[in-house]
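K.L.:
Next up is a structure, given as structure tokens.
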Amino acid sequence: MDDRLPTHLWVSAHIRTADSQGVTMTVVRKGDPSRGTVILKINRLDRTFSVLVQTREADGERLFWARGTGADPVPEADADAYIARQLRYDPDVWVIEVEDRQGRHWFDGPVR
């Protein structure tokens, strides 16, 4: 049995934590409330963005974030195009925009 938190609770907890530290997070798109995958759109507040995609190791337990748009920040149009492509494959995806000048994602797990 999978004992992970439902996605909506996991996202809500991270939004509250970031908010308490002065970081704005916005749910741009709600996906499946129980098991939807999360995509993070990192807004660096300088007109550049990064997209991180929630991924799990083969064992299904360890979470990490894949760089959907590469290592370097991209224009918003490129970030949005990447997200739109992902939504065509998985309509249950959550999209969360994080506003952080340092490009931090505020969620559990390393970026690879």
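Quick note: the coordinates plus some simple rules give every number you see, no bench work behind them. Every value quoted in this text rests on a predicted model; they were computed, and no experiment measured them. Cβ sites come from the backbone with ideal geometry, for glycine too, and all protein chains shown count toward neighbours.
K.L.:
Using amide H atoms built 1.01 Å from N in the peptide plane, name the residues 5+ places from ARG29, or on other chains, whose amide H lies under 5 Å from its own.
P.N.:
Answer set, sorted by chain and number: VAL95.
K.L.:
Given N residues in the chain, what is its alpha carbon radius of gyration divided by 2.2 N^0.38 Å?
P.N.:
1.01
K.L.:
If one takes the longest principal axis of the Cα atoms in the chain, at what angle in degrees, from 0 to 90 and to the nearest 10, does the Cα axis of helix 76-89 lie?
P.N.:
The two axes meet at around 20 degrees.
K.L.:
If you don't mind, another one. Of all trypsin sites (Lys or Arg not before Pro) in region 12-89, which ones are in loop regions per DSSP and have a Cβ with at most 10 other Cβ atoms within 10 Å? The partial results should precede the final answer.
P.N.:
Working: sites: ARG16, ARG29, LYS30, ARG35, LYS41, ARG44, ARG47, ARG56, ARG62, ARG67, ARG85, ARG88; in loops: LYS30, ARG35, ARG44, ARG47, ARG62.
Taking region 12-89 and a limit of 10 other Cβ atoms within 10 Å, the loop trypsin sites (Lys or Arg not before Pro) found are ARG47.
K.L.:
Now, a different point. What distance in nm separates the two pseudo spin-label positions at ALA58 and SER34, each 7 Å out from Cα along the beta-carbon direction?
P.N.:
Distance between the two pseudo-spin positions: 2.8 nm.
K.L.:
For VAL27, VAL11, which order do you get if you count the other beta carbons within 10 Å of each Cβ and list the fewest first?
P.N.:
With the sparsest Cβ surroundings first, the list reads VAL27, VAL11.
K.L.:
Could I ask something else about it? Pairs of alpha-carbon atoms within less than 8 angstrom and 6+ residues apart define the contacts here; what relative contact order does the chain have, in percent? Let's see the in-between values first.
P.N.:
On the way: 198 pairs, mean separation 39.5, N = 112.
Relative contact order for the chain comes out at 35 percent.
K.L.:
Here is a further query. To one decimal place, what orientation-averaged projected area in nm² is obtained for the convex hull of the Cα set of region 42-103?
P.N.:
Across all orientations, region 42-103 yields a mean hull projection of 4.6 nm².
K.L.:
Angle between the Cα long axis of helix 7-20 and the longest principal axis of the chain, 0 to 90 degrees, nearest 10?
P.N.:
50
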